[in-house]
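Read-outs throughout are calculated quantities, based only on the coordinates presented, and are distinct from any laboratory measurement. What you see is a predicted model, and the numbers here were worked out from it, not measured in a lab. Here the Cβ positions follow ideal geometry from the backbone for every residue, glycine too, while neighbour counts run over all protein chains shown.
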Ligand SMILES: *Cc1c(COP(=O)(O)O)cnc(C)c1O
């Protein structure tokens, strides 16, 4: 094929399905024939396998609890911890709006902290500052949700130390960082609990909506498992108020096909990132920063590009699709603007990032020819 004819989408979910078609079709057929479609053997097996995968390599034994999506995973953890009305939860504005939506779903008050401009992750120094002198008029801060954005770990040692000293819960949002590590430790095993989205585009994705929580605290896991189904600790008996946020068997069976492929998929993402790093080395744009000890999983490969529209157009004519994660920070969205609390930095770095970030194509099934096409386009910038 002529190189000009190579088109590189920013993501390609169909390619992932085609690569795994036989195994996925068999898993779906198995569920269809089973006569059991929600919260059954597949879901239980996925939870066991996910917990074991997280715990491999020395982490505490993690209990995973499946649910309907990543937003619900965050909300389930907050409910399980007893966090709701009368509580503030700190997180970032530079995230999928879902993180903040989940805080408000449980009736808690979000407090948005700015990011470290190098990692795009929560600024631990500002977190310490707001815990020392909380903004007036807010309920007490009960938890913080660091978001491992793009697949890069937050500064967890600092955040955990600050959280422990303040007596607040640390809930990791790992929706973009399945398999990422910090100093060899698996993300999602470091805090009190972790929420994972399994939306189709994520590093571990279902073929529909799905999510999973994980925690080393078995009692918290049992409580979340009850809350996700009407608060039932026994069938038809609601001992506490719950919701409906179940994991269906079809998605669980598909996820069981994909979990063993996740580490190889992340390795492929890192190899693609290394190729882009090399192509960018001579040019005007810096490759994504990796903090010491961080094993990035490149959910997105993100550059800062001041003349973003022009660069996106130049890449587009070279057949390279790009995306913006995210063009409008949560605190500037109409639904939140003017009413959501911010820390003393006023999310200034977040606003600057939103105007500059651009995501290149990165997904495990990207071909070598597609990678080379992107690299050639980058070298020509
Ligand atoms: C995708 C995502 C979520 C929400 O997940 P859903 O499955 O779409 O509800 C939450 N946080 C972050 C950082 C995400 O990227």
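The alpha-carbon atoms of the chain, seen along their principal axes, cover 64, 57, 40 angstrom, with the largest extent given first. With a Förster radius of 25 Å applied to the beta-carbon distance between residue 314 and residue 274, the computed FRET efficiency rounds to 0.65.
Is the shape of segment 74-165 rounded, prolate or oblate, going by the alpha carbon gyration tensor and its root eigenvalues a ≥ b ≥ c, with a/c under 1.5 for rounded and a/b larger than b/c for prolate?
Working: a/c = 1.66, a/b = 1.25, b/c = 1.33.
Because a/c hits 1.5 or more and a/b fails to exceed b/c, segment 74-165 counts as oblate.
Summary of the geometry: segment 85-118 and segment 1-75, compared by the centres of their Cα atoms, lie 27 Å apart.
All Cα-Cα separations within segment 6-99 were binned at 5 Å from zero, giving a P(r) of 2, 9, 11, 14, 18, 18, 14, 8, 5, 1, 0, each value a whole percent of the pairs. From its DSSP helices (H runs of at least four residues, each -39,500 (n - 2.57)), the chain gives a residue-normalised ellipticity at 222 nm of -11500 deg cm²/dmol. Length gained on full extension, residue 351 to residue 165, computed as 0.36 nm times the residue gap minus the Cα-Cα distance: 64.0 nm. Protection proxy ranking, highest mean first, for peptides 42-52, 69-79, 165-175: 69-79, 165-175, 42-52, where packing is the per-residue count of other beta-carbon atoms within 10 Å, averaged. Available extension along the chain between residue 2 and residue 101 is 31.0 nm, counting 0.36 nm per residue and deducting the alpha carbon span. Judged by the ratio a/c of the largest to the smallest principal axis of the C-alpha gyration tensor, segment 187-311 counts as prolate, that ratio being 1.5 or greater while a/b is larger than b/c.
The Stokes-Einstein estimate for segment 90-129, based on a Kirkwood radius over Cα pairs and taken at 10 °C with 1.306 mPa s viscosity, is a diffusion coefficient of 150 µm²/s. On a per residue basis, the convex hull of the C-alpha atoms belonging to segment 56-108 measures out at 116 Å³. For segment 243-381, just say rounded, prolate or oblate: build the C-alpha gyration tensor, square-root its eigenvalues into a ≥ b ≥ c, call rounded for a/c under 1.5, and beyond that prolate if a/b exceeds b/c, oblate if not. In terms of gyration-tensor shape, oblate.
Sorting 249-258, 326-335, 133-142 by average packing, meaning the other beta carbons within 10 Å per residue, from highest down gives 249-258, 326-335, 133-142. Working ranking of peptides 56-66, 205-215 by packing, defined as the average number of other Cβ atoms within 10 Å per residue, highest first, is 205-215, 56-66. Contact order, relative form, for the chain: 24 percent (alpha carbon pairs under 8 Å, 6 or more residues apart, mean separation divided by residue count). Give, as ranges by residue number, the residues of segment 351-369 whose backbone N falls under 19 Å from the point 7 Å along Cα→Cβ of residue 332. So the set is 351-359.
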